[in-house]
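Chemist: Please read through the structure below; I'll follow up with questions.
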Amino acid sequence: MSGSEFERVKKIVEKAVELKRQGDLDEARRRLEQGLNKFPKNNFLRASLADLLYRQRQFNRAEELAREILAEKPESGRALLVLGNIAYSKRDFDRACEHFRAAHRHRNNVYSAQRLIRTLMKQEKFEKARELLEEWLEKEPDHEYLQKLAASLYEKMGDESTAEEFYQQYLDESPEDQFAFKEKIKLKLKDEKPARAVEELENLLRLEKHRQNPHLQALLAEYREEMEDLSGAAEAYRRSLEFDPDNQYARQRLGQCLYKDGRHEEALPHLKEAFRQDPGDYYTRSMLMKIFQKLELYEEGGDFFQEIIRDNPGFENLYGTIKKLNNARESDENE
């Protein structure tokens, strides 16, 4: 790469990063594609575009670019990370782990480490995750994200006291992180009966500084679900979404809660949006199938799954779901 090409590519990528931070992914993509037209063999541009396409869920094109890079440079950590992130999004954690391990060998940094640790946690390989995490905590003991990740890992391993210590360390540096604060409160309430936990959370949410914490609202909803107060749980999930409309966890749980309460028409739009964001979620897909059949929305269901396939390359297995829906319609029509 000539010095002139390096400087021009650097400016293109820096502008794309700025646009990504502003949330304008389409313009960032356009800039990178223009750059790649000028410098079609530039792996820095290829990798930057592949990562952006992954974030836009354009998995096939992202994977194609990543593999083009790896064909020329098998040790490309950025390309391997893209493949790992795609596999992770598809819930193929074995393959994701394979790619993240390779990426970490060639690109030994915090990001590659935390992606590998997250994947090991998904596989419930907690000891391996802990070993790698402790290795990185020795290198960077004050790294905020690693502290948060450690808290999550130790919580899953059942070591609540260590998890709480890490959450507190993290919150001392990042007190504005509402999710981490919720996790700390969740640990404190772990042994409380649901009714007592609801009372504690309601008192906490009356305080001005916590009133609009969407994660505390969702936690309140979870405890209300445990008490079989589905109406109250749905109300709390709705409040969570009011404060954070992009909270996909709250949206999926709201849809699930309404579904359990028999309010299928209300549940449908929330479950559809949740599935758009995570088309690998079998449980949400199962609820959607039952609602489409229950309400005899066969055409709407078929069109919806076609939309998911069109917008999410790599999920062609949903053609089988469409076939099951069509078979159910034929069965109903023949009765």
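Chemist: Among Val17, Val13, Val9, which is the only one that is in contact with a Ser or Thr (Cβ under 6 Å, 6 or more places away or on another chain) and hydrophobic (A, V, I, L, M, F, W, C)?
Modeler: Numbers: Val17 fails: in contact with a Ser or Thr (Cβ under 6 Å, 6 or more places away or on another chain); Val9 fails: in contact with a Ser or Thr (Cβ under 6 Å, 6 or more places away or on another chain).
Residue meeting the stated conditions: Val13.
Chemist: Next question. Can you confirm whether Glu202 is part of a helix (DSSP H, G or I) and buried (at least 17 other Cβ atoms within 10 Å of the Cβ)? Explain how you work it out, then say what you get.
Modeler: Numbers: part of a helix (DSSP H, G or I): yes; buried (at least 17 other Cβ atoms within 10 Å of the Cβ): no.
When the stated conditions are applied, Glu202 does not pass them.
Chemist: Which of the helices (runs of 4 or more DSSP H) found entirely inside region 246-312 contain at least 2 residues meeting this: within 24 Å of Asn326 (Cβ to Cβ) and of a type outside the set (Ser, Thr, Tyr)?
Modeler: Working: elements: 248-260, 264-277, 282-294, 298-311.
Qualifying helices (runs of 4 or more DSSP H): 264-277, 282-294, 298-311.
Chemist: In addition: Taking Asn60 and the conditions (1) closer than 27 Å to Ala129 by Cα; (2) touching a residue at least 40 places away in the same chain (Cβ under 8 Å), which numbered condition does it fall short on, given that it satisfies the others?
Modeler: Tallying (1) closer than 27 Å to Ala129 by Cα; (2) touching a residue at least 40 places away in the same chain (Cβ under 8 Å), Asn60 fails exactly one: (1).
Chemist: Another question about this same structure. Only one of Arg8, Arg31 is surrounded by 20 or more Cβ atoms within 10 Å (Cβ to Cβ) and at pLDDT 90 or above; which?
Modeler: On the way: Arg8 fails: surrounded by 20 or more Cβ atoms within 10 Å (Cβ to Cβ).
Answer to the check: Arg31.
Chemist: Continuing with the same structure: List pairs: first in region 269-289 and closer than 14 Å to Tyr249 by Cβ, second among the β-branched types (Val, Ile, Thr), Cβ under 8 Å, 6+ apart or cross-chain?
Modeler: Leu271/Thr284; Leu271/Ile291; Ala274/Thr284; Phe275/Thr284; Phe275/Ile308; Asp278/Thr284
Chemist: While we're looking at this one, here's another question. For region 303-332, give me each residue that is within 26 Å of Arg253 (Cβ to Cβ) and of a type in the set (Gly, Ala, Ser).
Modeler: Correct list: Gly314 only.
Chemist: I'd like to know if region 197-212 contains one or more residues that are among the basic types (Lys, Arg) and closer than 27 Å to Gly77 by Cβ.
Modeler: No, there is no match, as no residue in region 197-212 is among the basic types (Lys, Arg) and closer than 27 Å to Gly77 by Cβ.
Chemist: Another question, then. For residues that are free of Cβ contacts under 8 Å to residues at least 12 places away in the same chain and among the hydrophobic types (A, V, I, L, M, F, W, C), tally how many sit in region 166-209.
Modeler: Total satisfying the criteria: 1.
Chemist: Let me ask something additional. Of all residues being touching a residue at least 24 places away in the same chain (Cβ under 8 Å) and not hydrophobic (A, V, I, L, M, F, W, C) in region 125-141, which is farthest from Cys97 (Cα to Cα)? Just the residue, please. So that I can check it myself, show each step before the final result.
Modeler: At the first step, the residues of region 125-141 found to be touching a residue at least 24 places away in the same chain (Cβ under 8 Å) are 126, 129-130, 136, 140.
Then keep just the ones that are not hydrophobic (A, V, I, L, M, F, W, C); that gives 130, 140.
Details: Arg130: 15, Glu140: 23 Å.
Taking the candidates together, the pick is Glu140.
Chemist: Another question, then. Output the qualifying pairs, or none if there are none: Cβ atoms under 8 angstrom, residues six or more apart or on different chains, first residue in region 65-93 and of a type in the set (S, T, N, Q), second residue assigned to a loop (DSSP other than H, G, I, E, B).
Modeler: Every condition considered, the pairs that remain are Ser89/Arg57; Ser89/Gly280.
Chemist: Every residue in region 320-335 that is surrounded by 12 or more Cβ atoms within 10 Å (Cβ to Cβ) and under 22 Å from Phe59 (Cα atoms), please.
Modeler: Of everything in region 320-335, those that are surrounded by 12 or more Cβ atoms within 10 Å (Cβ to Cβ) and under 22 Å from Phe59 (Cα atoms) turn out to be Thr321, Ile322.
Chemist: Mind listing just one residue for me: the one in region 84-117 that is in contact with a Gly (Cβ under 6 Å, 6 or more places away or on another chain) and either at positive phi or not in a helix (DSSP H, G or I) (or both) and, of those, surrounded by the fewest Cβ atoms within 10 Å (Cβ to Cβ)?
Modeler: Among them, the one singled out is Arg91.
Chemist: Which one of these is assigned to a helix (DSSP H, G or I), more than 25 Å from Asp244 (Cα to Cα) and of a type in the set (A, V, I, L, M): Leu187, Leu120?
Modeler: Working: Leu187 fails: more than 25 Å from Asp244 (Cα to Cα).
Step by step, each of Leu187, Leu120 is checked, and only Leu120 is assigned to a helix (DSSP H, G or I), more than 25 Å from Asp244 (Cα to Cα) and of a type in the set (A, V, I, L, M).
The values are calculated or read from the model by the stated rules, or taken from the named source; none is laboratory data. These numbers come from a predicted model, not from an experiment. Note that each Cβ is placed from the backbone with ideal geometry, even for glycine, and that neighbours are counted across all protein chains shown.
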